[in-house]
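My questions will all concern the structure given below.
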Amino acid sequence: MTETVELTERQYRLLDTTSKLVGLGLVAAGLEVGGGTPTGIALALAGAACATATVFITNE
């Protein structure tokens, strides 16, 4: 059973902006610890996933 949650325009913008800023922070943290290390790569991947999370939310 799927449940749909509708967001207002303001809620969507806030969620979108927040997810992108958190994603950017995670990527920056990954670069800070070392972009080639396993920890850095994991943080960068988590940041990219977080930053693109709202792509899959439909805003109607």
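When the residues of the stretch 22-36 are narrowed to those that are among the aliphatic types (A, V, I, L, M) and under 10 Å from Gly47 (Cβ atoms), which ends up surrounded by the fewest Cβ atoms within 10 Å (Cβ to Cβ)?
Ala28
Scan (1) of a type outside the set (Asp, Glu); (2) at pLDDT 90 or above; (3) in contact with a Leu (Cβ under 8 Å, 6 or more places away or on another chain); (4) not in a helix (DSSP H, G or I) for the single condition Gly36 breaks and write down its number.
Condition (3) is where Gly36 drops out.
Another question, then. What pairs can you find where one residue is in the stretch 33-57 and touching a residue at least 12 places away in the same chain (Cβ under 8 Å), the other is open to solvent by less than 60 Å² (accessible area, probe 1.4 Å) and of a type in the set (Asp, Glu), and their Cβ atoms are less than 8 Å apart, with a gap of 6+ or different chains?
Pairs that qualify, where the first residue is touching a residue at least 12 places away in the same chain (Cβ under 8 Å) and the partner is open to solvent by less than 60 Å² (accessible area, probe 1.4 Å) and of a type in the set (Asp, Glu), are Thr54/Asp16.
The values are calculated or read from the model by the stated rules, or taken from the named source; none is laboratory data. Keep in mind that what you see is a predicted model, and the values were worked out from it rather than measured. Virtual Cβ from ideal backbone geometry, glycine too; neighbours counted across all protein chains shown. Quick note on the areas: whole protein, heavy atoms, side chains included, nothing else; ligands and nucleic acids left out. Shrake-Rupley method; radii C 1.70, N 1.55, O 1.52, S 1.80 Å.
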